[in-house]
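All of the numbers you see were taken from the coordinates with simple rules; none came from a lab. Note that this is a predicted model, so its numbers are computed, not measured.
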Amino acid sequence: MSVRRHLSTCDWTSAMRIALFATCLADTLFPRAAVATVRLLERLGHEVVFPPAQTCCGQMHVNTGYQRDALPLVRRYVDVFEPHDVVVAPSGSCVGSVRHQHATVARNFGDDALALRAEAVAGRTYELSELLVDVLGVDDVGAYFPHRVTYHPTCHSLRMLRVGDN
């Protein structure tokens, strides 16, 4: 199911139970990003769960030509997040991988059943700002930072997810 189709079939007006995909990079280098994601979503009235069996999405493997090594990671992602209605990650790159690489990797190795499952989970996986703005309709999270900042949108967010100014 496409992301947009999934959006139209859900009731987003009430509190949701959201699974956090922390990503291996955030977990290793920027763990406060995952913690901040949880705090933000909980402050907005949602329940956030952290499936402890999660690992890497496999993007680095796929992007460097190691698709066979990515296949177990694709399977793990699907197994871990399939039971959840909504998955959020504070990473456009990882969500891009889930949406645009997982099913392809599975099909490349003859696992059409996994590809179909991957597509279904991908349709419920969102990058954080996408979940906030496009799904929940939130454009003000009550944050304030008294200094000027520069925002650099990630390439994967812009090109793969189409997140940003259109």
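A compact table of results
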item	result
Cα centroid separation, segment 19-45 to segment 48-124 (Å)	18 Å
Calculated from backbone phi, Karplus (6.51, -1.76, 1.60) coupling profile of segment 63-70 in Hz, x at Gly/Pro	5, 10, x, 10, 4, 4, 6, 7
